[in-house]
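First comes the structure, then the notes that go with it.
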Amino acid sequence: MSARVALLLLWGLSLNPVTEEAVYCDTRPTLWAEAESLLEPWANVTLTCQSPLWTLEFQLFKDGVAQELVHLGSPATEYRFPLGAVTGDTRGLYRCRYSMDGGRTSLSNLVEVTGPCSLPAPSPSGWWPWVSQVTSLSLSFPIGDDQFLEVAEAPKDRQATFPVHRAGNYSCSYRTHASGTPLEPSATVTIEELATLPPPTLTLNSGFAGLLRPGSRATLTCVAPLSGVDFQLRRGEEVLQVPMASTSPDRVFFQLNTLAPGDGGVYTCHYRLPEELALWSLDSAPAELVLSDGTLPAPELSAEPATPSPKPGTLVQLRCRAPRAGVRFSLVREGAGQRRVHGLLSPAGTEAHFELRDVSAVDSANYSCVYTDTAPPFAGSAPSAPVELRVDGPLPRPRLRPLWTGAVTPGRDAVLRCEGHVPDVSFLLLRSGEEEPSAVAWTTQPSADLVLTYVGPQHAGSYSCGYRSNWAHSLLSQLSDPVELQVAGGAQFRGRVEAPGLCPDCTLLQECPLPHLLPALTLA
């Protein structure tokens with residue numbers, strides 16, 4: 001995928017079938033802090049919110065709580081929120097957003113305002129947490145062993161970029177003026193050296209069954225573990241030139257239009273860094289697309305034990321028998337108005353055995369099977385008569401764990417991990433007394449992290465989680481035991497002055513608020 005950014009569509013989705021190039025557009029606003037004087041950066045501070053699109057409204061948030069909503073007389077792409085001198089009332093964690101087409105955008109990056117006795121440590125960020133044989137990586141202000149490896153001037157920017165050519169541990173620091181003392185270094189970033197880049201993930205569009213007829217359309221999504229890379233789709237060893245689209249710089253959607261009988265089979269994707277002679281990553285796990293024209297005789301499907309209502313926790317075996325050997329069997333599951341391929345087997349004989357282990361109510365569905373030729377003309381069978389399974393009882397209760405200790409700092413994210421027992425479900429985070437979920441996550445794994453973004457006092461309360469299966473009539477599991485979320489109140493901080501030259505009016509261990517005058521430094 002190209003790393004270039006263009007405003008082709010307002011919501012960041014672009015599809016170019018001619019050049020087959022996917023372009024990502026980020027519509028999030030950007031927030032940064034400016035000081036009137038870097039010799040006294042806490043004396044007069046302004047927060048600037050910049051949008052990539054013209055707008056009539058800007059809004060500032062502090063510690064997870066909405067502040068003023070500004071209505072402009074004419075469209076603009078930037079608004080400056082004056083904070084003035086940093087005090088206990090203005091320190092905190094800030095974000096902003098703007099209005100677009102009658103709706104509100106997502107929140108901007110986080111900017112912390114700390115205090116006059118200590119400026120914040122920078123935040124190092126690399127596009128890729130590794131280097132390969134042919135790749136260099138960018139990192140802000142790297143230092144090591146208390147010695148600067150390189151120094152960069154950044155008088156008009158809030159960030160600087162350095163190439164890193166070898167693995168190691170890196171951190172960064174900055175100073176506000178030439179004679180100032182470097183501030184406390186950032187957290188350490190470990191750069192690993194890899195001979196091959198890690199694989200991406202490839203998934204079939206959840207809107208179709210994975211079992212299609214010739215002439216249908218399909219979409220495959222390839223997601224890389226990093227952003228700004230070039231993607232490639234393959235069927236076997238064949239590289240496919242197909243239209244691509246993207247809504248995020250770490251993923252691409254491959255559009256397969258008007259599928260022909262030979263288009264079934266195993267697909268993989270990989271990626272590479274956008275550099276000359278860059279190596280391709282490892283291949284993704286395969287995703288198989290099954291095409292059946294329904295011209296061959298239908299197979300027979302039976303269940304063991306032969307009961308439509310097996311007991312929860314038992315093993316159910318579904319047997320699909322075809323009139324001849326040497327074919328590919330697909331077990332198809334249908335429920336809640338959806339169909340999907342649940343399993344694929346290529347046995348030597350005429351019968352395939354599909355197993356459903358430790359069944360629960362989530363396995364309740366109608367099952368059928370088909371078989372397809374693995375060689376031209378790639379014919380496929382009609383589906384078998386369906387076998388209905390209905391497993392009684394509630395879905396097992398999940399477990400909810402907070403990934404923090406104590407009270408959550410206002411403005412930070414709160415992450416709760418919901419651990420279930422069934423894969424391929426939607427996890428819901430529910431607040432006591434509310435019907436609408438506070439967070440939702442779909443995953444193929446039996447657990448998911450549910451995030452409350454930019455927590456404020458309004459988020460305090462008791463939370464539980466559950467999971468929902470779209471296959472078993474949208475059943476919702478039993479709710480987990482509750483977790484109490486507490487939001488910390490404002491407090492003074494007793495901190496040691498690390499750079500007295502930056503704070504001439506402060507003394508060691510003086511009690512003072514900590515405003516952050518410069519936002520986190522990240523890559524361009």
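The values are calculated or read from the model by the stated rules, or taken from the named source; none is laboratory data. Note that the coordinates shown come from a computational prediction; the quantities given were computed from them, not determined experimentally. Positions of Cβ are backbone-derived with ideal geometry, glycine not excepted, and every protein chain shown enters the neighbour counts.
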Could you count how many residues in segment 376-391 are outside any strand (DSSP E or B) and charged (D, E, K, R)?
-> 1
Can you name every residue in segment 380-403 that is surrounded by 17 or more Cβ atoms within 10 Å (Cβ to Cβ) and among the aliphatic types (A, V, I, L, M)?
-> VAL387, LEU389, VAL391, LEU395, LEU400
Among the residues listed as LEU277, LEU301, LEU291, the single one being aliphatic (A, V, I, L, M) and under 19 Å from ALA365 (Cα atoms) | LEU301
Qualifying residue in segment 329-345 (condition: more than 34 Å from the chain's Cα centre (by Cα) and either of a type in the set (Asp, Glu) or under 14 Å from GLY380 (Cα atoms) (or both)) = no
Would you call PRO396 in contact with a His (Cβ under 6 Å, 6 or more places away or on another chain) and at pLDDT below 90?
-> yes
Residues of segment 420-442 being within 21 Å of THR201 (Cβ to Cβ) and surrounded by 16 or more Cβ atoms within 10 Å (Cβ to Cβ), in sequence order, are GLY420, VAL422, ASP424, VAL425, SER426, PHE427, ALA441
Scan segment 347-380 for residues that are within 32 Å of the chain's Cα centre (by Cα) and small (Gly, Ala, Ser) and report the count.
-> 4
Restrict the check to segment 232-254 and report whether at least one residue is closer than 24 Å to VAL341 by Cα and of a type in the set (S, T, N, Q).
-> no
If you go through segment 433-459 one residue at a time, how many are closer than 28 Å to GLY92 by Cα, in a loop (DSSP other than H, G, I, E, B) and in contact (Cβ under 8 Å) with a residue 24 or more places away in the chain?
-> 5
Restricting segment 266-279 to residues that are within 16 Å of CYS222 (Cα to Cα) and in contact (Cβ under 8 Å) with a residue 60 or more places away in the chain, the residue that is surrounded by the most Cβ atoms within 10 Å (Cβ to Cβ) = TYR271
Which strands (runs of 3 or more DSSP E) does segment 281-375 wholly contain that include 3 or more residues that are charged (D, E, K, R) and crowded, with 16+ Cβ neighbours inside 10 Å?
-> 327-335
PHE493 passes all but one of the listed conditions (1) closer than 19 Å to THR409 by Cα; (2) touching a helix residue (DSSP H, G or I) at 6+ places or on another chain (Cβ under 6 Å); (3) modelled with pLDDT under 90; (4) hydrophobic (A, V, I, L, M, F, W, C); the exception is number (2)
Restricting segment 392-405 to residues that are within 26 Å of the chain's Cα centre (by Cα), part of a loop (DSSP other than H, G, I, E, B) and touching a residue at least 40 places away in the same chain (Cβ under 8 Å), the one farthest from THR114 (Cα to Cα) turns out to be ARG397
Right, THR219: hydroxyl-bearing (Ser, Thr, Tyr), more than 30 Å from GLU40 (Cβ to Cβ), touching a Phe, Trp or Tyr at 6+ places or on another chain (Cβ under 7 Å) and modelled with pLDDT of 80 or more or not?
-> yes
Here the residues within segment 444-463 that are crowded, with 16+ Cβ neighbours inside 10 Å, under 18 Å from the mean Cα position of the chain (by Cα) and within 21 Å of PRO394 (Cα to Cα) are PRO446, SER447, ALA448
Test: VAL229 is outside the structural domain of SER368 (by TED's automatic domain parsing), modelled with pLDDT of 90 or more and closer than 30 Å to SER106 by Cα | yes
How many residues are in a loop (DSSP other than H, G, I, E, B), in contact (Cβ under 8 Å) with a residue 60 or more places away in the chain, under 17 Å from the mean Cα position of the chain (by Cα) and at negative phi when one looks only at segment 212-265?
-> 6
